Amino acid sequence: MLTIETPRLKLRQFDEADAQALHQILNMPDVLKYFPNSNPPSLENVGKFIQQQLKHWDEKKYGWWAVQLHENSDIIGWSGLQYLPDTDEVEIGYLLSPTYWGKGLATEGAKEGIQFGFEQLTLDTIVGIVHRQNVASQRVLEKLGLSGADEAIYFNMEVFRYSINLKTFSTNRN
């Protein structure tokens, strides 16, 4: 199993024991505010979500990591890459507990996902899909080097579609 360490985070594949912690995060106020379904899932559905992520990792060799803090090993959310079959694209995504919003942790984790996508998976392009009113998430994508902010429909909602390609990623690293 792939694990990535950043200065403040450990990114690792989910396991079934993570369901309770993730369930608690997904039930916090405003966590799902900008998601297609803002209703928090049941604990059973969080377990199914984790199983789907493990299957995604098996099939695609990438997915969402459980995000942990080094200081206490608590799971604070998820971050990573997800295949979008409707558009044949790979999306960078992230979700953190509100306790950790505004601390640069979403950017820190997602940066590793983008680097992994280009350097290990040799992807050509990575997209970021964000609700039009989610200004904080838009800023994260911009800090990561994604651009475009084209209006689009994904997941049956109006969003901005950002993207970054390998050439831009390579140029930004130098």
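The values are calculated or read from the model by the stated rules, or taken from the named source; none is laboratory data. Predicted model, so just to flag it, every value in this text is computed and none were measured. Ideal geometry is used to build each Cβ from the backbone, glycine not excepted, and the neighbour counts take in all protein chains shown.
Specify which of the listed residues (Gly47, Gly109) is at pLDDT 95 or above, among the small types (Gly, Ala, Ser) and under 19 Å from Asn134 (Cα atoms). Before you say what the answer is, go through the steps one by one.
Numbers: Gly47 fails: under 19 Å from Asn134 (Cα atoms).
Just one listed residue meets the conditions, Gly109.
Kindly indicate whether Ser137 is touching a helix residue (DSSP H, G or I) at 6+ places or on another chain (Cβ under 7 Å) and either under 17 Å from Phe35 (Cα atoms) or among the basic types (Lys, Arg) (or both). Reasoning before the result, please.
Numbers: touching a helix residue (DSSP H, G or I) at 6+ places or on another chain (Cβ under 7 Å): no; either under 17 Å from Phe35 (Cα atoms) or among the basic types (Lys, Arg) (or both): yes.
In short, no.
In this structure, is Ile4 closer than 30 Å to Arg132 by Cβ, assigned to a strand (DSSP E or B) and touching a Leu at 6+ places or on another chain (Cβ under 6 Å)? Outline the logic, then answer.
Values: closer than 30 Å to Arg132 by Cβ: no; assigned to a strand (DSSP E or B): yes; touching a Leu at 6+ places or on another chain (Cβ under 6 Å): yes.
So Ile4 does not fit the description; no.
Is at least one residue of segment 104-122 assigned to a strand (DSSP E or B) and out of contact with any His (no Cβ under 8 Å at 6 or more places or on another chain)? Spell out the reasoning first.
Pass one, segment 104-122, residues assigned to a strand (DSSP E or B): none.
Checked against the condition, which is being assigned to a strand (DSSP E or B) and out of contact with any His (no Cβ under 8 Å at 6 or more places or on another chain), segment 104-122 yields no hits at all.
Any residue in segment 93-112 that's of a type in the set (Asp, Glu): show its pairings with residues that are not in a helix (DSSP H, G or I) at Cβ separation under 7 Å, as long as the two are six or more apart or on different chains.
Note: pairs meeting the criteria are Glu108/Thr6; Glu108/Arg8; Glu108/Leu9; Glu112/Ile4; Glu112/Thr6; Glu112/Leu11.
Please find, within segment 61-86, the residue that is nearest to Ile126 (Cα to Cα) out of those that are of a type in the set (S, T, N, Q) and modelled with pLDDT of 95 or more. Spell out how you get there, then give the answer.
Filtering segment 61-86 for residues of a type in the set (S, T, N, Q) gives 68, 72-73, 79, 82.
Then keep just the ones that are modelled with pLDDT of 95 or more; that gives 68, 79, 82.
Working: Gln68: 24, Ser79: 14, Gln82: 10 Å.
Only one residue fits best here, namely Gln82.
For segment 7-27, how many residues are farther than 18 Å from Leu81 by Cβ, part of a loop (DSSP other than H, G, I, E, B) and touching a helix residue (DSSP H, G or I) at 6+ places or on another chain (Cβ under 9 Å)?
3
The rows are residues; the columns are (1) among the aromatic types (Phe, Trp, Tyr); (2) within 25 Å of Lys60 (Cα to Cα); (3) loosely packed, with under 14 Cβ neighbours inside 10 Å.
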residue: Gly113; (1), (2), (3): no, yes, no
residue: Asp124; (1), (2), (3): no, yes, yes
residue: His131; (1), (2), (3): no, no, no
residue: Asn134; (1), (2), (3): no, no, no
residue: Arg161; (1), (2), (3): no, yes, no
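Anything in segment 55-73 that is exposed (fewer than 14 other Cβ atoms within 10 Å of the Cβ) and either among the hydrophobic types (A, V, I, L, M, F, W, C) or under 18 Å from Gln13 (Cα atoms) (or both)? List them, or say none.
Listed by number, the residues that qualify are Lys55, Asp58, Glu59, Lys60, Lys61, His70, Asn72, Ser73.
Going through segment 123-133 one residue at a time, which ones are in a strand (DSSP E or B) and closer than 16 Å to Glu89 by Cα?
Looking only at segment 123-133, we keep the residues that are in a strand (DSSP E or B), and these are 125-131.
Correct list: Thr125, Ile126, Val127, Gly128, Ile129, Val130.
Select from segment 134-168 the residues that are assigned to a helix (DSSP H, G or I), in contact with a Phe, Trp or Tyr (Cβ under 9 Å, 6 or more places away or on another chain) and at pLDDT 95 or above and write down the one among them that is nearest to Ala106 (Cα to Cα).
Filtering segment 134-168 down to residues assigned to a helix (DSSP H, G or I) leaves 135-143, 166-168.
Retained after the next criterion (residues that are in contact with a Phe, Trp or Tyr (Cβ under 9 Å, 6 or more places away or on another chain)): 136-138, 140-142, 166.
Pick out the ones that are also at pLDDT 95 or above and you get 136-138, 140-142.
Numbers: Ala136: 10, Ser137: 9, Gln138: 11, Val140: 7, Leu141: 10, Glu142: 12 Å.
Of everything passing the filter in segment 134-168, Val140 is nearest to Ala106 (Cα to Cα).
Being of a type in the set (Phe, Trp, Tyr), assigned to a strand (DSSP E or B) and surrounded by fewer than 19 Cβ atoms within 10 Å (Cβ to Cβ) narrows it down to one residue among Tyr34, Tyr83, Tyr94; which is it? Working first, answer last.
On the way: Tyr34 fails: assigned to a strand (DSSP E or B); Tyr94 fails: surrounded by fewer than 19 Cβ atoms within 10 Å (Cβ to Cβ).
The conditions single out Tyr83.
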